[in-house]
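Take a look at the structure set out below.
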Amino acid sequence: MGEQKGYIRTADDKGSINISEDVVAIIAANATAEVEGVAGFHHAQGKDLTNMIAKRGMSKGIKLSFAEGVVTFDIYIIADIGYCVNEVGEKVQKAIITAVEDTVGAKVGEVNVHICGVSLKKSK
């Protein structure tokens, strides 16, 4: 059988449900992208924001881990200029917690938002 790491697993008398960490990352990425003041994700490889617009590699700025049924996130974003970065970070945290808990049913432990830069052009 496959390795259990990287999946949120729930089981009952009818069978089991396995949700990949990639699915959880995409849910978090979509929630983050909808927050006003977020220009995009920071990619360690130096990729531009075209990947985000094209929906390819959206989760590259997101790291997550599962431990004892709790999901922890590290989100690396670029903020739009003209927004209070603390408020943007708080809104990202709330958006991810709501999206993941409502969609997947998993408990979110921490959402660590790393603002890695500021975009000089507003993306919206």
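The values are calculated or read from the model by the stated rules, or taken from the named source; none is laboratory data. Note that the structure is predicted; figures quoted are calculated from it, not measured. Please note: Cβ atoms are built from the backbone with ideal geometry, for glycine as well, and neighbour counts cover all protein chains shown. Quick note on the areas: whole protein, heavy atoms, side chains included, nothing else; ligands and nucleic acids left out. Shrake-Rupley method; radii C 1.70, N 1.55, O 1.52, S 1.80 Å.
Couple of notes before you dig in:
- Selection within the range 11-35: residues that are of a type in the set (Val, Ile, Thr) and under 11 Å from the mean Cα position of the chain (by Cα). The member of this set that is surrounded by the most Cβ atoms within 10 Å (Cβ to Cβ) is Thr32.
- Residues satisfying the stated conditions in the range 105-124, i.e. open to solvent by less than 30 Å² (accessible area, probe 1.4 Å) and within 14 Å of the chain's Cα centre (by Cα): Ala106, Val108, Val111
- Leading residue by the ranking (modelled with the highest pLDDT) among those in the range 62-92 that are small (Gly, Ala, Ser) and surrounded by fewer than 20 Cβ atoms within 10 Å (Cβ to Cβ): Gly82
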